[in-house]
Each structure stands twice: as C-alpha cells, then as structure tokens.
Amino acid sequence: MAVCTTCPYCGVGCGVLATVHPDGAVTVKGDPDHPANFGRLCSKGSALGETVNTDGRLLNPRIGDRAVSWDEALAQVADRFVATIRDYGPDSVAFYVSGQITTEDYYVANKLMKGFIGSANIDTNSRLCMASSVAGHRRAFGSDTVPGSYEDLEQADLIVLVGSNLAWCHPVLYQRIAAARNKRPDLKVVLIDPRRTMTADIADLHLAIRPDGDVSLFLGLLRYLADHDKLDLDYIEAHTNGFEEALETCGHAPVAVAAATGLSQDELQRFYALFADAEKTVTVYSQGVNQSVVGTDKVNAIINCHLATGRIGRPGMGPFSVTGQPNAMGGREVGGLANMLAAHMDIENPEHCDTVGRFWSAPTIADRAGLKAVDMFRAVADGRIKAIWIMATNPVDSMPDADGVAAALETCPFVVVSDVIAETDTTRLADVRLPSLAWGEKDGTVTNSERRISRQRTFLEGPGEARADWWQMAEVAKRMGFGHAFDWTSPAEIFSEYAALTAFENNGVRDLDIGAYAGIESDAYNSLKPFQWPQPAGVSPISSRFFANGGFFTPDRKARFVAVKTPAKPVEQDAYPFVLNTGRIRDHWHTMTRTGKSPRLSGHIAEPFAELHPGDADRLGVADADIVEVSSDRGVARVRALVTERQLPGAVFVPMHWTDQFSACARIDAVVAPVTDPHSGQPASKATAVVVRRYVAALFGFAIMAGKPNRPDADYWTIGRIAAGWRLEFAHSQYPEDVENFARKLLGLRERAQLLVFRDGRRGDHRIAAFEESRLAGVVYLSTQPVAVSRSWAIEQLAADHDDLSARWRVVAGRPGADMPDKGAIICACFGVGANEIEGAVRSGCDTVEAVGKATCAGTNCGSCKSEIREIIDDCRIVAAE
Ligand SMILES: Nc1nc2c(c(=O)[nH]1)N[C@H]1C(S)=C(S)[C@@H](COP(=O)(O)OP(=O)(O)OC[C@H]3O[C@@H](n4cnc5c(=O)[nH]c(N)nc54)[C@H](O)[C@@H]3O)O[C@H]1N2
Ligand SMILES: Nc1nc2c(c(=O)[nH]1)N[C@H]1C(S)=C(S)[C@@H](COP(=O)(O)OP(=O)(O)OC[C@H]3O[C@@H](n4cnc5c(=O)[nH]c(N)nc54)[C@H](O)[C@@H]3O)O[C@H]1N2
Ligand code: SF4
Ligand SMILES: [Mo]
C-alpha cells in the first residue's frame, strides 16, 4: 500500500505516494490530492526511489573511526557540551542546523539552545537561503509572513520572476504556471535574471539585468507607478506608513536606472507598463534576490511596489518569496535562526522572552541574538566557539569561504555531525558522527512556501542504528540534566507542544497560530492532512491569505515602507574582472549526497561547469569543453567551460553542487567571498569578483567502469553514477607515458582482464578497453583534445554483451556502428531520451513538445525537460531557416 508523504527536496512541498515492493524497490508517484502539486512531480521527485538505498549510509554512531554504542556517543556529546559551557559559558557552544530537518527536530534543537543552554548560538543553513526575505518581511510587515498561496500564481495576470530559475528549482510551480498560461494566454510572465535560464521559456519578457541591479529596477518602478497615477492611495493611507520617504529616495532619473540595471529604456518601459496595468500581479523571488549584499533592500524594494498598489493578500496578487528547502519555513517558524526566538516571537522583545521562558519553564532564556552562520564559523575559527553540533547540512561545501570553514572545524576542539551519509566533506572533520534517519525512515512535519504544513511519513525501516534527529538532541538534553523538558516519546508529542506554543498568549497579536493542533493525539497526527497556517483553536480558517485589509504585525498594525537607497556601484577590481554567480542545475540537489546516487539524475549534467559568454571565452582563448580555473582571493575551482550566449559578458556561472566526493577541485564555495547583507547576515553567494583562466591540459580523458574509480592522479576529474557503474572525466597537465599501466590503475583491473588498445597515431589518442570474458570491465579514452566520443553510447556499452570482436573494436574505436545510433546528452531523465533522439524526431516532422513526446516519450512523465525540448525544436528551426 502506498504511503502518503512529502518530497524531501524543494520548498514547493509536493505530496508523494511511496510504495515499497516485495523485492525492496521503492517507487513514487505524485499525490493527486496534495494541494501543492495535484499529482505532479519533477525529475528529482520522480527519481526518489533511486536515492533511498543504503549505499554510503552512516550506520553507527562513531567517535573518531570507532563505532560506538549510542549511549557512549550521547554521553560524550553531553559531557563535552556541559564541560565547555561550565568552563567558557553558554556562548562557547553552537548548533548549526538545516531547513532539511523536520519542524519537530528543529523545535527540539531551538528549545535546548535558547531555553536550556541559554545561548542563541543556533543558526541554520536558511541563513544562506531565506534570511534576506525574513529580514525584509519583518521590516515591512513586522513579522516573517508570506502573505499568499500557490493558487495566486494561477489567478494572476502578470507573474514577475526575480532571481528565480523556477523551471529548474521549483519545477512543479513552473509547471502550474505553464499550464495556467496554456489555458489563459493573456497571463504574462517577466523574468529578471542576468542569465537566460530555461525559465525564459515561459517568459514574455526576459530582462538580463546587471548583477544586483534589482534595487534600482524596483525603485524606478515605484517612481513610474507614482508618475502614472497607478498608486492605491486608499490602501497607502489606511494601512501603511512611510510612503513619502520611500518615494523620495527613488529619484527621478530613468537614465540612472538604465545605467544601474544595464537595461535599455525600451525594456524598462515594457516591464513598467506591464506591471502598472496588471492589477493581479505576483512577484516571485528567490536567491537572485536574497543572496546579495543588498538582499534585504531588494526584498523591500519589491514589497514597496506591492504595498503602493495595494496588491497584497488578494487573489492573484502579492510579493511571494519561494523557499528553497522542504522545511525552510518550518525552521523560521520554530525559531531556528539566531536572531529569532520561537514561534515567530522576537529575541529582542523582553515580553516575548518572558512568554517563551514561562511556556518552557526554562531555567534560562537567551535574550539577545546569537551568531549568524558566517560569524558563527568565524567564531569557531578564532576559538570563541569550542564545541559545535552540525545537523543535516554540509557547510564545508555550502558556506562561503568554504576552505576557511574547513580549517575552522579542523581546529575546533569538539565537532559533532549528524548526517545520513558516512563520508561527506563535513563528516570527515567530525569528532563524533551520529547516524540519522533519512527521508522515508523519519516521521514529522514540514512547511512549504505557501505556509502549508504536511507530514513526512515513515515507509522504510532505518538501516543499522540510525535514529531520528529530534531523538538525538532530546537524549543529549536529558544527559545534560534537562530530562523533564525533553521527555517526548514521539514527534506527535513535540508537534503538539509546538502548536500550543504558537497559541500561548497569542490572541491574534502574532501571525503564526496553529492552536487548533495543540494537544493533538498520535492517531490524528498520523492521519494529518496538509493544512495552511494560521489555524487558531476554535476558529474555522480565517483566510488563506494575509494583509488584504491591513492588519500587519507592527505596533500600529500598519505596514512600513522602507526608504531603500540605490546601492553604491561595486568597486571594479582589475585583478578580478569577472563576477562569479553560483546556483543550481535541474537534476542535482545541493551537495549531491542523495541525487548523486541516481544514474538518471546524474545523466542530465554530468560535470561541474563555468558558463561564459562567447566574447569573453574568445578573449581568454577558451573553447567549449576546455577546463577553466575560476579563482578569487579565497580559493580556486577547476571546471569545464560552457560557452553560451545565455550568459552576460563579464559574468561567469558555476553550479554549487560538486564536492570533493565527486570532483578534484570544484567546490565553488571555496571561491565565494564571505561577504554578507548588513541586515540579514545572508552571504552574497551570487557576486564574487574572480579571475577566469584557461587551464592548459596536455591530457583529456573519459572513462567508464563497473566499480567506483580510484581517485585519479589528475588536476581535474569528476565522477558520476551511471546505470551499470561509474563514469569519470579527467584532465591533466601531462600525458601518461605508459598508457596501459595508467588505464589498469584507473580501472583497478584484475590480472585476468584483457586489454584492447587502439592508438590513433595521427592524433596521438589512445582508447583502451578492458574485458573480463565478454563483459566490458571498463574503457578509457585519452586524448590531447577534449574527448569527442559519445558519452551516452559508451555508457550503454558497459551493460551490453561483447562476445564478437567487431563489437569490442567498436568500443575502442569509440564510434557507434550504424545499427547503434548515438543518443546524445540525456535530456529526459525519466525515460533516458537523448538530445540526438529528440533532434531526430524534430527532423522527421515533430514540431511541438507534445509531438516529440508522442514519438519518443520524452517529457511525458514529470515534464521537467519540456523547456529543453522546446529549445531543441527552436534550434532546429533556426538551422533549417539558415
Ligand atoms: N534542482 C534543484 N532545485 C532546487 C535546489 C537544488 O539544489 N536543485 N535547491 C533548493 C533551494 S535550497 C533553493 S534556495 C532554491 C533556489 O532557487 P533559485 O533561487 O531559483 O536558484 P539559483 O540557481 O540559486 O538562483 C536563481 C537565479 O538567480 C540569478 N541571479 C544571480 N544574480 C542575480 C541578480 O543580481 N539579480 C537577479 N534578478 N537574479 C540573479 C541566477 O542567475 C540564477 O539563475 O532551489 C531549490 N530547488
Ligand atoms: N555558492 C553557493 N553556495 C550556496 C548556495 C548558492 O546558491 N551558491 N545556496 C545556499 C543555500 S540556498 C542552501 S539551502 C545551502 C544548502 O547547502 P547544504 O545544506 O550544505 O546542502 P545539502 O547537500 O542539502 O546538505 C544536507 C546534508 O544533510 C544530510 N541529510 C539529508 N537528510 C538528512 C536528515 O534527515 N538528517 C540529517 N541529520 N542529515 C541529513 C545530507 O546527507 C547532507 O550531507 O547551500 C547554500 N550555499
Ligand atoms: S517540485 Fe520536485 S523537488 Fe520540489 S517538492 Fe515537487 S517533486 Fe520535490
Ligand atoms: Mo536554499
């Protein structure tokens, strides 16, 4: 029987039906009844079944390399925390947690740190993600409230996507918008992103804005709205403060806006006119807004335009910060950020501290903000923090100045890491590793971007001795002497306590109230249906939106316009002429500990890359598929060059996903500077000054093999899962002298393996295939140029039988025979359909995405690749027209 649960990836929070089959295989489907997705799933959600295996899992608590009992591990953690607090005070310890734990896990961590240890040194990776939105909401609304709902996207006449690659990062919302647009072609979409991402596929207008030009763009919009009589003066008067000052700081000079944004007057006018004329406007924003030194100002510049037009909290209208992680919102709700208290109460507010302190019967309560992520790791580095517990996040890969973070953890006297995976770049530096239950094994609630709380349910047994994160924290709390306050036996009891806290002395003064669930019993918790907050006790849901009629959570219940100023132009640095932008790709999730297990997901984009504009590439002497080095004054990364018109000149984009577990030197956060927004403390992960150089390679290589490859001795390498084993790409400054020996070592071959070596004397290339009987054990292609063999074809050979010699020679020749066409790069992850197959379908007459789907199945399951299919159709059209 299928179990109803929630996807563990992005903040859309899709409902999933998971089935465990008798052979242990897990399959998933979209839950048709879940209001976030109504049955849809994206490529990552659809491939969940491939990622729930126990490969690489951390199975026992470990102190150093020694497997120990839970009792010993927990006692060690408690003793070291107690001793550190005794000797150096509560602020000498810290927790660094994550938007990927459940609300219950988060609640326990926050309660322990803020109410019982008495420090606010608990921060979360949401600092790197949502902090600027939180700060912007609090400045404008007095509370961290997301006012709208997903259905607003379908009801809007205009959707403005700012710094959001929705097609790849919130694919099901993207699909909902695409479907709404098909039904109602006058729904217009504007995309604001320096790169022309796949999301541009549904955009009527793409503004390739200069990095961080957003504040100027929205200041210009507010001025335009005022000049064109498009303000809602009644709303401004009744429900807001500070409008005049905010308008004052906008300036009057469209020329200045054009200069700051890099956009033409015509582009600006088109956007402003669209916004002015569409009352039903939703502005969706994400990391292109939040991850900036002016992130909070960007958020308020956007919110100002919505307040000024009264477009908030009504159907089809509102500013909409879409959250990244499955429980980014839950973390904000319980108080997982170092500058919040709990249940949307403020740490600087003595009344709130009193309220929470009494509710918890806390012996001590934190009454000032703790250290935010970047400062927290600085404090680890300089010895102020002497014990840290990291849970469900991988800061050695995801924090800016990541090498500095690694060095800090190396010197820290006591590091605890709770993770599901044994070997990550962070667990490597832990004194104590605690094995956590993973998705499918754990039980709890998560809140999605539209404030909808859904259950994650158990359908698998945890492997080895893995235990829930909340249990680990509660057990340590007991051993620290706080047993009475941490003696829950299930997540249901924690949720019930948390719900009671949201309602405690609330009486409508705080936005977050789910008092209806205080005292919930385990049966009701187990059958809990997704619901949106607020949900106070004894009241049927008041409304699913906030602020249509004011009612903000400021002292006078009015919203605040923020008089945002045009940011100063960044100082140009001759030594670092490029702006490094970083972010995500369609089929990987963050540091790849889970999506990296899936051959399907690893096939879409198999290598870390740097997107460069063709003009810049020319100047640097870089060709497509060369290796480039991207470096700042912090560190360096080596990745594959991807030369594309989609990129702006002077900018370079590198994905955040590749770690030392998957690549030689591609941790891009080693390059990102630890510069933060002054209001939110969020790192500016999208604008580091860097230099880009061609890496001069004498050797390029590509290999496939059944077993996990040994780390090659090469300056550049990347490994990835394929159906029958692994693939490896590499490059180095020297060509091997003894190629046979090189191949044997790389493939880890047994003696009896037979090698078939082919040498192209003219090009100086080598292809070496190793057979064990008729089975291909591995193949290595070496060249002085980027290896041109078809990857998808070669990968399929690993599973195929090669009993005749001509088939074997085909492998070394590296060319598919006439009977084996080359698929090209995999576009549709669900059905494994390649670019060449799609092109073939287009050439034989399929001129729509639907027709290609009929002919090849591509795009007919989750639909995440539809934009790419459309791009191939368009490209073929251009070629035909030429
Ligand atoms: N496939 C996939 N999906 C994910 C995730 C994942 O790892 N993989 N992670 C999830 C998480 S935690 C998050 S936070 C979300 C993030 O979701 P998004 O924010 O959509 O993703 P990013 O790729 O980080 O950045 C979005 C865009 O911001 C643009 N940008 C950079 N600088 C600027 C600027 O100055 N102005 C503007 N307007 N745009 C700019 C970038 O070019 C990029 O295309 O995705 C979630 N979904
Ligand atoms: N340069 C750059 N850096 C970025 C960003 C960017 O755009 N650019 N984006 C930032 C953003 S928005 C985010 S959200 C972060 C994400 O960055 P991270 O949080 O560091 O990335 P993840 O890979 O999601 O790390 C989650 C870890 O928790 C483990 N895990 C999974 N499930 C569980 C569980 O149930 N319990 C426990 N205990 N562990 C579990 C996983 O194995 C993994 O090691 O990266 C940030 N860093
Ligand atoms: S859009 Fe995809 S990754 Fe996000 S919750 Fe839905 S299925 Fe999961
Ligand atoms: Mo995020």
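Please give the calculated 222 nm ellipticity per residue for the chain, where each DSSP H segment of at least 4 residues contributes -39500 (n - 2.57) and the sum is spread over every residue; nearest 500 deg cm²/dmol?
So the calculated ellipticity at 222 nm is -8500 deg cm²/dmol.
So for segment 315-425, considering every pair of alpha-carbon atoms, how many percent are separated by more than 17 Å? Present the calculation step by step, with values, prior to reporting the outcome.
Numbers: 4013 of 6105 pairs.
It works out to 66 percent of all Cα pairs.
How big is the Rg/Rh ratio for segment 23-168, C-alpha atoms only, Rh by Kirkwood, two decimals? Let's see the in-between values first.
Numbers: Rg = 21.3 Å, Rh = 20.1 Å.
Answer for segment 23-168: 1.06.
Applying the Karplus parametrisation 6.51 cos²θ - 1.76 cosθ + 1.60 with θ = phi - 60° to the phi angles of segment 58-65, what ³J(HN,Hα) value in whole Hz is obtained for each residue in order, glycine and proline being reported as x?
For segment 58-65, the Karplus curve yields 7, 9, 10, x, 9, 10, x, 9 Hz.
From the Cα gyration tensor of segment 501-559, with a ≥ b ≥ c the square roots of its eigenvalues, which class applies: rounded if a/c is under 1.5, or else prolate if a/b is larger than b/c, or else oblate?
Note, shape of segment 501-559 comes out prolate.
Would you mind working out the magnitude of the charge dipole of the chain relative to its Cα centre, with +1 at each Lys and Arg C-beta and -1 at each Asp and Glu C-beta, to the nearest 20 Debye?
680 debye
With no solvent and one point per C-alpha, what does the Debye sum give as log10 I(q)/I(0) for segment 244-293 at q = 0.17, 0.20, 0.28, 0.29 Å⁻¹?
Log-scaled intensity ratios, in q order: -0.79, -1.06, -1.08, -1.05.
Order the peptides 94-105, 563-574, 392-403 from the highest to the lowest mean number of other Cβ atoms within 10 Å of their residues.
So the order, starting with the most tightly packed, is 94-105, 392-403, 563-574.
Amide H to amide H under 5 Å from T240: which residues, 5+ apart in sequence or cross-chain, H placed 1.01 Å off N in plane?
Amide H neighbours of T240, under 5 Å, 5+ apart: A559.
Would you kindly find the accessible area of C862, with a 1.4 Å probe and non-protein molecules such as ligands, DNA and RNA excluded, rounding to the nearest 10 Å²?
We get 10 Å² for C862.
At a Förster distance of 30 Å, what's the computed FRET efficiency of D229 paired with D556, Cβ-Cβ distance as r, to 0.05?
Result of the calculation: an efficiency of 0.65.
Among A343, S774, P435, whose Cα sits farthest toward the positive end of the charge dipole of the chain (+1 at Cβ of Lys/Arg, -1 at Cβ of Asp/Glu, about the Cα centre)?
S774
Given axes a ≥ b ≥ c from the Cα gyration tensor, I'd like to know whether segment 107-258 is rounded (a/c under 1.5), prolate (a/b larger than b/c) or oblate.
Oblate, because a/c is 1.5 or more while a/b does not exceed b/c.
How far is it, in nm, from the label point at T19 to the one at R750 when both lie 7 Å from their Cα along the line to the Cβ?
3.8 nm
State the Cα centre-to-centre distance between segment 665-728 and segment 102-122 in whole Å.
Segment 665-728 and segment 102-122 have Cα centres spaced 34 Å from each other.
Stokes-Einstein diffusion coefficient for segment 628-713 at 37 °C in a medium of 0.692 mPa s, Rh from the Kirkwood formula over Cα pairs: what value in µm²/s?
D = 218 µm²/s.
Taking H placed 1.01 Å from N in the peptide plane, check which residues at least 5 places from I421 or on another chain put their amide H under 5 Å from its amide H.
Result for I421 returns L58.
As a test of the definition: which semi-axes, in Å, follow for segment 555-657 when you take the square root of five times each eigenvalue of its alpha carbon gyration tensor? Largest first, please.
Ellipsoid semi-axes (Å, largest first): 31, 24, 13.
Give a quick list of GluC sites (Glu not before Pro) in segment 423-531 that DSSP marks as loop, anything other than H, G, I, E or B, with at most 10 other Cβ atoms within 10 Å. Can you show the working numbers first?
Numbers: sites: E423, E441, E450, E461, E465, E475, E493, E497, E505, E521; in loops: E423, E441, E450, E461, E465, E505, E521.
Sparse-neighbourhood loop GluC sites (Glu not before Pro): E461, E521.
What is the gain in length, in nm to one decimal, between E279 and D87 on full extension, counting 0.36 nm per residue of separation less the C-alpha to C-alpha distance? Could you put the intermediate results ahead of the total?
On the way: separation 192, 0.36 × 192 = 69.12 nm, distance 6.00 nm.
Between E279 and D87, full extension yields an extra 63.1 nm.
Gap in Å between the Cα centre of segment 277-295 and the Cα centre of segment 317-347?
About 17 Å separates the Cα centre of segment 317-347 from the one of segment 277-295.
Segment 762-841: Rg/Rh from Cα coordinates, Kirkwood Rh?
Numbers: Rg = 13.4 Å, Rh = 13.6 Å.
Rg/Rh for segment 762-841 comes to 0.99.
Based on the inverse mean of 1/r over its pairs of different Cα atoms, what is the Kirkwood hydrodynamic radius of segment 176-313, in Å?
Here the Kirkwood hydrodynamic radius works out to 15.6 Å.
Taking N as the number of residues in segment 433-582, what value does Rg over Cα atoms divided by 2.2 N^0.38 Å take?
1.48
Positive end of the dipole of segment 455-582, charges at C-beta (+1 Lys, Arg; -1 Asp, Glu), about the Cα centre: which of N581, V571, G538 has its Cα farthest in that direction?
With unit charges placed on the Cβ atoms, the residue in question is V571.
Taking just the C-alpha trace of segment 134-205, give me its Rg and Dmax in Å.
Computed over the Cα atoms of segment 134-205, radius of gyration and Dmax are 13.3, 38 Å.
Between the alpha-carbon centers of segment 465-498 and segment 180-239, tell me the distance in whole angstrom.
Segment 465-498 and segment 180-239 have Cα centres spaced 46 Å from each other.
Charges on Cβ only, +1 for Lys and Arg, -1 for Asp and Glu, centred on the Cα centroid of the chain; of I514, I826, V12, which one is farthest towards the dipole's positive end?
Going by the Cα projections, it comes out as I826.
Name the shape class, rounded, prolate or oblate, that the alpha-carbon gyration tensor gives for segment 663-777, where a ≥ b ≥ c are the square roots of its eigenvalues, rounded holds for a/c under 1.5, and otherwise prolate holds if a/b is larger than b/c and oblate otherwise. Write down the numbers at each step before the final one.
Working: a/c = 3.90, a/b = 2.11, b/c = 1.85.
Taking the square roots of the gyration eigenvalues as a ≥ b ≥ c, segment 663-777 is prolate.
Using the Cα centre as the reference, give the magnitude of the dipole from point charges on the C-beta atoms of segment 413-572 (Lys, Arg: +1; Asp, Glu: -1; all else neutral), rounded to the nearest 20 debye.
Charge dipole of segment 413-572: 860 debye, to the nearest 20.
Rank by packing, highest mean first: peptides 758-764, 362-368, with packing defined as the count of other Cβ atoms within 10 Å averaged across residues.
Working: 758-764: 10.7, 362-368: 17.4.
Result, highest mean Cβ count within 10 Å first: 362-368, 758-764.
Considering the Cα trace of segment 21-102, what is its radius of gyration and what is Dmax, both in angstroms?
In order Rg, Dmax, the Cα atoms of segment 21-102 give 20.3, 55 Å.
Cut-off 14 Å, label point 7 angstrom out along Cα-to-Cβ of T27: give me the residues of segment 578-613 whose amide nitrogen falls inside.
none
What are the residues whose amide H is under 5 Å from the amide H of V833, where those residues sit 5 or more places off or on another chain and H is modelled from the backbone?
Placed amide hydrogens put I827, C828 under 5 Å from V833.
Rounded to the nearest whole Å³, what is the per residue volume of the convex hull around the Cα atoms of segment 279-332?
Working: hull volume 4.8 nm³, N = 54.
For segment 279-332, the hull spanned by Cα atoms encloses 89 Å³ per residue.
Using the beta-carbon distance between A563 and E423 and R0 = 41 Å, what value does 1/(1 + (r/R0)^6) give for FRET efficiency, to the nearest 0.05?
Given R0 = 41 Å and the Cβ-Cβ separation, E is 0.25.
Can you give the alpha-carbon Rg of the chain over 2.2 N^0.38 Å, where N counts its residues?
0.94
If I stretch the segment between K478 and A259 completely, what's the gain in nm (0.36 nm per residue apart, minus their alpha carbon distance), one decimal?
Gain on stretching K478 to A259: 72.9 nm.
Which ³J(HN,Hα) values in Hz, rounded to whole numbers, follow from the phi angles of segment 17-30 under the Karplus curve 6.51 cos²θ - 1.76 cosθ + 1.60, where θ = phi - 60° and Gly and Pro get x?
Listing the rounded values in order: 9, 10, 10, 9, 8, x, 7, x, 5, 10, 10, 10, 9, x Hz.
Quick one: putting +1 on the C-beta of Lys and Arg, -1 on the C-beta of Asp and Glu, what dipole do you get for segment 1-141 around its Cα centre, in Debye to the nearest 20? Mind dumping the intermediate values first?
On the way: 13 positive and 14 negative charges, 109 e Å.
Using Cβ point charges on Lys, Arg, Asp and Glu, segment 1-141 gives about 520 debye.
Determine, for each peptide in 769-775, 526-532, 427-433, the mean count of other beta carbons within 10 angstrom over its residues, then list the peptides with the highest first.
The most tightly packed comes first, giving 427-433, 769-775, 526-532.
The values are calculated or read from the model by the stated rules, or taken from the named source; none is laboratory data. Bear in mind that the values here come from a model prediction, so they are computed numbers and not experimental data. Don't worry about glycine lacking a Cβ; one is built from the backbone with ideal geometry, like all the others, and counts go over all protein chains shown. When the accessible area is computed, the model is the full protein with side chains, heavy atoms only, and any ligands, DNA or RNA have been set aside. Shrake-Rupley method; radii C 1.70, N 1.55, O 1.52, S 1.80 Å.
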